[in-house]
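These notes concern the structure reproduced below.
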Amino acid sequence: MLSQTLATLLQQHAALADFYLQTQRPLSFVAAQGRVVPEPALLVSTRDLESLLSGRYPNGNLHEALLQLGGVDDFRLNLGGQEFRGALRSTRSGGALSLTLRRIRPQIPPFEGTGLPLELEALLRTKDGLILFTGPTGSGKSTSMASCAQRYAQTFPGKIVTFEDPIEYQIQEGCAAVDQHEIGTDVASFIKGLMGAMRESPTMIIIGEIRDAETLQAALQGAETGHLVLASLHTNNFAATVDRVCDLLSGPHVDALRKTFAGLLRAVVSQQLLPAREGEGRVLAHEVVVPNPAIINTIRKGELQILQGEIEKRLPLLHSLNDHLAELVREGKVTAEAARQASYKPDALRI
């Protein structure tokens, strides 16, 4: 059975992070240092996936279930005693199924151990506004947000309310109370959860992912009404993040919404995971931008084409991805080749 095969691979590879399963294709997984390892002899069938996911889809017809869900479904799955975040998709006009299983670690790494800049902790003291964590799938955005939330819960009085799809980490209460909601189980959607959250008097709101304009506007409303909002986006850097947000803003009040966003944006943390120079782990590389008055004014005016130039002026608490990649190479944490592959501007990387 497929479940037994996956459990065996988990036992054989302690650093295994993700499984990639697509019907009529060999199973593959992400092992140490982010390497994708194919298993050519293990061809995945539709029946394999139906058996693996029978607890979630008791009727067995995954194509029909996905059709009712709009072609996508996100959920938690336990395999061999390990928790995974599952993402099931239909592909090729419904002819194939794709399942990605991302391993959820049971413990939130301590803030100091994530590789995030320590200066970011000071931003958690902010009473309102929006902090965005961005990067490709599997870059550690959820882990970074959970670590920030855990540090907040341990340090500051208040209440944290989260909306996640699914819940990946259990944030422990400390000085702050914690109320975590799973989309599809506790609340119907991000937007409905956010609307209800305002009645819970939170000091921090966490949105697993901003996927649409409605969720974005709700996040802005939360930040505008005196809450610190942490959220993630699938964008690569500060300029691309601002572009994406502005693309999502629409309607007759788009200019006012863009100005509101500019005034509420406290920071953008864009990140990637690189293979460690030594050992089997991975190392966090990041770009951190805390908008200064010039950047805020640029966004307000909609002059997005000059944002990158503002970033490269190297203002305090502001560095590009290349800055951090060069630092990681100098410290011996990653190789120069890994840094070049991760850089969006390798020709400008000074190593």
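The values are calculated or read from the model by the stated rules, or taken from the named source; none is laboratory data. Here the structure is a predicted model, which is why all the values come from computation and not from measurement. Heads up, the Cβs are rebuilt from the backbone with ideal geometry, glycines too, and the neighbour counts pull from every protein chain shown.
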Problem set entry | Residue, farthest from Arg76 (Cα to Cα), within segment 159-180, restricted to residues that are at pLDDT 95 or above and charged (D, E, K, R) | Lys159
Problem set entry | Test: residue in segment 179-197 that is under 19 Å from Thr126 (Cβ atoms), over 14 Å from the mean Cα position of the chain (by Cα) and in a strand (DSSP E or B) | no
Exercise. Do we have Leu321 as surrounded by 21 or more Cβ atoms within 10 Å (Cβ to Cβ) and either of a type in the set (A, V, I, L, M, F, W, C) or closer than 15 Å to Ala240 by Cβ (or both) here?
Worked result: yes
Problem set entry | Residues of segment 65-86 classified as out of contact with any Ser or Thr (no Cβ under 8 Å at 6 or more places or on another chain), more than 16 Å from Pro166 (Cα to Cα) and crowded, with 18+ Cβ neighbours inside 10 Å, total | 1
Seminar exercise, completed: In segment 106-128, anything more than 30 Å from Leu79 (Cβ to Cβ) and either touching a Ser or Thr at 6+ places or on another chain (Cβ under 8 Å) or surrounded by fewer than 21 Cβ atoms within 10 Å (Cβ to Cβ) (or both) is listed as Glu112, Pro117, Leu118, Glu119, Glu121, Ala122, Leu123, Leu124, Arg125, Thr126, Lys127, Asp128
For this session: State all residues of segment 31-66 that are under 30 Å from Ala342 (Cα atoms) and either outside the structural domain of Arg85 (by TED's automatic domain parsing) or not polar (S, T, N, Q) (or both); if no residue qualifies, say none.
Result: Ala31, Ala32, Gly34, Arg35, Val36, Val37, Pro38, Glu39, Pro40
Problem set entry | Long-range neighbours under 7 Å by Cβ, at least six apart or interchain, first residue farther than 23 Å from Gly135 by Cβ within segment 285-297, second of a type in the set (Asp, Glu) | Ala294/Glu310
Seminar exercise, completed: Filtering segment 135-176 down to residues that are touching a Lys or Arg at 6+ places or on another chain (Cβ under 7 Å) and assigned to a strand (DSSP E or B) yields Ala176
For this session: Would you mind telling me which numbered condition in (1) of a type outside the set (Lys, Arg); (2) more than 20 Å from Arg282 (Cβ to Cβ); (3) in a helix (DSSP H, G or I) Gln33 fails?
Result: (2)
